[in-house]
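Since the structure comes first, as structure tokens, the remarks are kept for the end.
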Amino acid sequence: MRNLPLDIIVDILCRLPVKSLKRFRAVSRWWCFQIDSQDFVKLHLRRSLVSNSNRNLILGGLALYSIDLDSLDKAHVIKPPFYYQSVDSISNSCNGLVVVTSEPPVLWNPFSRYYKILPQTAIGRPNAGDSYCKVSYGFGYDSVNDVYKVVRVEEVRNTITHVWVYSKAKIYSTKSNSWEMIEDFPYPLPFLRGTWRVHVNGALHTLIEKLEHLRSGEFVKIMAFNIETEEHFEVMMPQGVRFRGVNASLDVIGGCLCIVSANTSGVVIWAMKEYGVKGSWTKLLSIRPPLIERDDFVKPLVYSSDGERILLNCDDKDLAWYDLKKKTVQIVSVDGLPFMFYAEVCVESLVGFEVPGQVKKLGTEKKKRNKYLNKRDNFLSEGFNLVL
């Protein structure tokens, strides 16, 4: 049987999950070189994103878990290959990478197991005795310069009221491998739930209160931070929609920015179908009790493969499918699901970095591996032709 052309082999490989690709690196030197190349890493990621394949849920809380979104059958415990203070906080996922917000933070790919411990940077201490410092992290990708960036915001808040006073900000770039001071953040980040995970269109987003407009009902606005230009800008809210007397939050689903509006009567989710276009805001769904529990916090996670259902995180304790046509809710039974969790959608990718402090060890292992590969390739070439 004749061997397949190399371009067809690459096309087949780019469809596979990361676990298989890491195993197939041992087939030959060419396969190892090909899978490790940056062109293949980007090709594999691009195909997974376009085809909505190789998707997982990363669950955090008392431990870290992963769930295959194609099966939703079992929660698998993830054991990071590095020391961390806690696992109760990771950033949004971006191209398969997350930031574990320990001190120092760690840039990590949960599926390829690549990680990078970021340089330490001191936490500022407020001068006033009635204030404290709260640290938040944002994570995003600058596609223009092909650079991943971590934004660190140190908020000074009142010790008693927790009211925001001011913020200092730094940014880390994988290109410079260092932290740099940037313009102070002119607005507070979400205080409760301690997260800032809304990364869309190369920008980080948050809702902030507009206290001066409480009487008009327009008491929130969307502020964004552009990862590339490192500038702040405002994103327009849905026209004619009032957010008085509701709990509003931002999320992402299907690559679209969305607003979740919840009160005792139910939950409404709006999605911005075309980023930056105010008129593209569309009511995605509306759920009322008894389909969900009264006062439940609801977070949209991902569309089903056919686009007819949306997977929801219901109050950090259940996963449920919402059928967009039938307008029904079905709880998903997942073996090993923790009793409390937060969830992030993560695509499997090969994006990664060398492990700091192991350069010499990696060099030694590389020599041994190459020696082994040479012997094995000679054996293969003498014995038989490898055919897919």
Amide hydrogen neighbours beyond the local backbone of residue 114, cut-off 5 Å, H modeled: 109
Packing-based ranking, highest mean first, of 278-286, 246-254 given that Cβ atoms within 10 Å are counted: 246-254, 278-286
Backbone HN-Hα couplings from phi across the stretch 291-302 [Karplus 6.51/-1.76/1.60, Hz, Gly and Pro as x]: 4, 10, 6, 4, 6, 5, 7, 10, 10, x, 10, 7
Phi to ³J(HN,Hα) by Karplus 6.51 cos²θ - 1.76 cosθ + 1.60 over the stretch 44-52, Hz, x for Gly, Pro: 4, 5, 4, 5, 5, 5, 5, 8, 6
Dimensions (Å) - the stretch 45-347, Cα atoms, principal axes, largest first: 55, 51, 38
Residue 228 versus residue 43: modelled label distance in nm, points set 7 Å from Cα along the beta carbon direction: 2.5
Prolate/oblate/rounded call for the stretch 306-354, Cα gyration tensor, a/c under 1.5 rounded: oblate
Built amide H within the under 5 Å cut-off of residue 4, gap 5+: 388
Cβ-based net charge around residue 169, under 14 Å, with every Lys or Arg adding one and every Asp or Glu removing one: -2
Neighbourhood charge, 13 Å Cβ-Cβ cut-off, centred on residue 154 and excluding it, Lys, Arg +1 and Asp, Glu -1: +3
Neighbourhood net charge (9 Å Cβ-Cβ; Lys/Arg +1, Asp/Glu -1) for residue 314: -3
Potential extension, residue 324-residue 286 segment - 0.36 nm per residue separation minus Cα distance: 12.7 nm
Using θ = phi - 60° and Karplus 6.51 cos²θ - 1.76 cosθ + 1.60, couplings along the stretch 7-19 (whole Hz; Gly, Pro as x): 5, 6, 4, 4, 5, 5, 4, 5, 8, 8, x, 4, 4
Gap separating the Cα centres of the stretch 17-34 and the stretch 302-355, nearest whole Å: 29
Estimated FRET transfer efficiency when R0 is 22 angstrom, pair residue 122-residue 184 (beta carbons, to 0.05): 0.85
Among 94-103, 292-301, the order from most to least packed when residues are scored by Cβ within 10 Å on average: 94-103, 292-301
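Each value in this text was obtained by applying a stated rule to the coordinates, not by laboratory testing. Quick caveat, the model's predicted, so the values are computed rather than measured. Cβ: placed from backbone, ideal geometry, glycine included. Neighbour counts: every protein chain shown.
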